[in-house]
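The values are calculated or read from the model by the stated rules, or taken from the named source; none is laboratory data. Keep in mind that what you see is a predicted model, and the values were worked out from it rather than measured. Note: ideal-geometry Cβ built from the backbone for every residue, glycine included; neighbour counts use all protein chains shown. With ligands, DNA and RNA removed, areas are computed over all heavy atoms of the protein, side chains included. Shrake-Rupley method; radii C 1.70, N 1.55, O 1.52, S 1.80 Å.
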Amino acid sequence: MVFSSTIFLFVFLPICLLLYYIVNQKYKNTVLLFFSIVFYAWGETKYIWLIGLSIVFNYFFGILLSKTERYKLGILLIGVFVNVAVLFFYKYSGFFAQFFNVKNDYLTQLILPLGISFYTFHSISYLVDIYRKKAIPQFNFIKMGLYIVNFPQLVAGPIIRYHDVESQLTNRKHFLNRFNNGVKLFIYGLAKKMIIANTVGIVADVVFDKSYGSFSNVYAWIGIFSYTLQIYFDFSGYSDMAIGIGKMFGFEFKHNFKLPYSSTSIREFWQKWHISLSNWFRDYVYIPLGGNKHGGIRTCINLMIVFVLCGFWHGANFTFLFWGLFHGFFLVIERISNNRFFDNIPKIIKLIYVWFTVMIGWVFFRSNSIEDAVGMIRKMFYISSNSNTMPDVVSFVTPYFIFISIIGFLISIGIFKNGIMHCLRKRIFDITMFRKLESLMLLFLFFWSVLEITNSSYNPFIYFRF
């Protein structure tokens, strides 16, 4: 079940909200946990036992960590090892079986459990936070289960750290203003997904999947530009919807994107892109490795380790591994330069540098193999001799696609948020007029999004496969 579906919008979410708000305060977590289990089971019945076992295992290990000081590190290491081992088995065993040419149909045909990358990181965060005494163990099994399977952020993030929501699991406030803000954020996220991500995603799929055979370098650039917009609006849209739904139930989740395509360095890009994942790797991998406390060489090695793991976390494929190395390389270069070189470069040049670098990285991220990625790079830079443009591709680059692409680009670099909307809010309308205008715009975006849902069969969520 995805957020951008009629069953979720008009059946699941309204019923869940209705029951949640009519029951007594002490039963709200139970209601939310029940619906979260239903949400997960809707898309994953085969491995529902696995997420249940994960809850039980981490529940008891969290309590165990609080009961002893002498063996605390050993208990933590065992708990983290088991969580990582389960993730490794289901996500990477098939990859390594193929790589080492191990003939095992069971391993190579394993289906990745829904959301395992996210709830594994939630579990590790829980254990480490208790070990570091940033949180106390959760003795209430309902609350522990809700932390792991809370449906807004269950299958595609954002990654929630236990210490950030520990108090909210017990005592969260329900305000009308928070609920309204949640609805507003949800609609903006839905519009990002349905109106922008899906529109450009069709063209990206046509180019990357070679649906129409050969194409020119112009269409190669259109394809990667489309995917650059698709992955941002797809995932940031989902994150906005998740955070918005959280607000409807009284939770405050941290924002996961802050206009990353407006960045002027790759370092800044990673401070604004998938923030929950970046911060997770920073706090639970980079800092334990020593961070930047042991000299420049060690810092660069730690950065590369983090981004190798970050790339591999996204999928069992050399394309993701290279993507992680690629970003790690540029982060190391920027750190070595110590910003002296970048400070003297005009902002527009730095924006172009970030867009160009990120787009090249997305080629490897999106491609099915290194060979396909190299082929796309060759096509983009005219190295390939075969550059025929198939007429059928032209039908996908419609005026509507061009319009949506321009709007998406302007939104992604902050023109609307920091320019037009700021101007409307501060200089043209008073606050009452602005709120009326925003309400009308939200209604318009919601109905437009619903029309897209009902009229189109193309509705993927990219991060579901991670």
How much accessible area per residue does the stretch 246-312 have, in Å², with a 1.4 Å probe? 40
Heavy atoms of His255: accessible area, 1.4 Å probe, square angstrom to 10: 90
Dipole of the stretch 1-151, positive direction: furthest Cα of Gly79, Ile37, Leu64, with charges on the beta-carbon: Leu64
Projecting each Cα onto the charge dipole of the chain (Lys/Arg +1, Asp/Glu -1 at the beta carbon, about the Cα centre), which of Asn455, Phe318, Asn279 comes out farthest on the positive side? Asn279
Under unit Cβ charges (Lys, Arg +1; Asp, Glu -1), what dipole magnitude, rounded to 20 debye, does the chain have relative to its Cα centre? 1460
Can you work out the Karplus-derived ³J(HN,Hα) for every residue in the stretch 12-26? Use 6.51 cos²θ - 1.76 cosθ + 1.60 with θ = phi - 60°, whole Hz, and x for glycine or proline. 4, 5, x, 5, 4, 5, 4, 5, 4, 8, 8, 7, 4, 3, 6
Sequence of Thr108, Thr228 from largest to smallest accessible area, 1.4 Å probe: Thr108, Thr228
Tally Lys/Arg at +1 and Asp/Glu at -1 over every other residue whose Cβ is under 14 Å from the Cβ of Leu17; what's the total? +3
Relative to the Cα centre, what is the charge dipole magnitude of the stretch 94-165, using +1 at the beta carbon of each Lys and Arg, -1 at the beta carbon of each Asp and Glu, and rounding to the nearest 20 debye? 260
Enumerate the calculated ³J(HN,Hα) couplings along the stretch 54-70 in order (Karplus 6.51 cos²θ - 1.76 cosθ + 1.60, θ = phi - 60°), each rounded to whole Hz, writing x wherever the residue is Gly or Pro. 4, 4, 4, 4, 6, 4, 6, 5, x, 5, 4, 4, 7, 8, 9, 10, 5
Kindly provide the helix-only [θ] at 222 nm of the chain, computed as the sum of -39,500 (n - 2.57) over DSSP H runs of four or more divided by all residues, to the nearest 500 deg cm²/dmol? -21000 deg cm²/dmol
Could you tell me the relative contact order of the chain? Use alpha-carbon pairs under 8 Å, at least six residues apart, and round to a whole percent. 18
On the accessible surface of the chain, probed at 1.4 Å, how many percent belong to carbon and sulfur atoms? 66
Using the Karplus curve 6.51 cos²θ - 1.76 cosθ + 1.60 with θ = phi - 60°, work out ³J(HN,Hα) for each residue of the stretch 96-103 in order, rounded to whole Hz, and write x for Gly and Pro. 6, 5, 5, 5, 9, 6, 8, 7
Per residue, how much accessible area does the stretch 95-210 have with a 1.4 Å probe, in Å²? 39
Work through the residues other than Ile142 whose Cβ is under 11 Å from its Cβ and net out their charges, Lys, Arg +1 and Asp, Glu -1. +3
For a quick protection proxy, order the peptides 43-52, 98-107, 403-412 by their average other-Cβ count within 10 Å, most packed first. 403-412, 43-52, 98-107
Which label in (1) 29.4; (2) 19.5; (3) 25.2 gives the computed mean projected area of the Cα convex hull in nm²: (3)
Kindly rank 374-381, 9-16, 242-249 from highest to lowest mean number of other beta carbons found within 10 Å of each residue. 242-249, 374-381, 9-16
